[in-house]
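The values are calculated or read from the model by the stated rules, or taken from the named source; none is laboratory data. Quantities reported herein were computed from a predicted structural model and do not represent experimental measurements. Virtual Cβ from ideal backbone geometry, glycine too; neighbours counted across all protein chains shown. For accessibility, only protein heavy atoms count, side chains too; no ligands or nucleic acids. Shrake-Rupley method; radii C 1.70, N 1.55, O 1.52, S 1.80 Å.
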Amino acid sequence: VQLQASGGGSVQAGGSLRLSCASSRSNLNLDRMGWYRQTEGKQRELVAYIRRGGSTNYADSVKGRVTISTNNARNTVYLQMNSLKPEDTAVYYCYVLQGAMTYWGKGTLVTVSS
């Protein structure tokens, strides 16, 4: 499975960005789709994920500001980020989980300036 992430960029604090991650395999019934982020010198941390049934999970640091969703075919996952803060600056990685396999996309950089 190949994943293509897009939507990163530079915004001012308080702004919004929408990240997208498209899977190379259509109509793939994935167990979980989500996003991690990583800043230099730190471990990758979970941002949010959505399960096959549609339930979601968010990191406490982004709750209320971030919404994860998928398209109907479940081959694209979105991360709508609002009220962005400088501490949201990171490289964001999308991933999908199918059974015991985890697939990662290349990161997309989000920079939030104060």
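I'd like the full set of residues that are open to solvent by less than 50 Å² (accessible area, probe 1.4 Å) and either at positive phi or among the small types (Gly, Ala, Ser) (or both), limited to segment 88-111.
Of everything in segment 88-111, those that are open to solvent by less than 50 Å² (accessible area, probe 1.4 Å) and either at positive phi or among the small types (Gly, Ala, Ser) (or both) turn out to be ALA90, GLY105, GLY107.
For (1) open to solvent by 50 Å² or more (accessible area, probe 1.4 Å); (2) small (Gly, Ala, Ser); (3) assigned to a strand (DSSP E or B); (4) modelled with pLDDT under 95, each residue gets a yes or a no:
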site: GLY15; (1), (2), (3), (4): no, yes, no, no
site: TYR36; (1), (2), (3), (4): yes, no, yes, no
site: VAL62; (1), (2), (3), (4): no, no, no, no
site: ILE68; (1), (2), (3), (4): no, no, yes, no
site: ALA73; (1), (2), (3), (4): no, yes, no, yes
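Determine the pairs where a residue that is over 23 Å from LEU109 (Cβ atoms), located within segment 59-86, has a partner that is at pLDDT below 95 and among the hydrophobic types (A, V, I, L, M, F, W, C) with Cβ atoms under 8 Å apart, the partner being 6 or more residues away or on another chain.
ARG74/LEU28; ARG74/LEU30; ARG74/MET33; ASN75/ALA22; ASN75/LEU28
All but one of (1) of a type outside the set (Ser, Thr, Tyr); (2) modelled with pLDDT under 95; (3) in a loop (DSSP other than H, G, I, E, B) hold for LEU84; which doesn't?
(2)
Report yes if VAL77 is more than 18 Å from VAL1 (Cα to Cα), of a type in the set (Val, Ile, Thr) and part of a strand (DSSP E or B), otherwise no.
Spelling it out, it is not the case that VAL77 is more than 18 Å from VAL1 (Cα to Cα), of a type in the set (Val, Ile, Thr) and part of a strand (DSSP E or B).
Residues being under 13 Å from ARG74 (Cβ atoms) and not in a strand (DSSP E or B): count how many of those fall in segment 17-34.
Residues that pass the stated criteria total 7.
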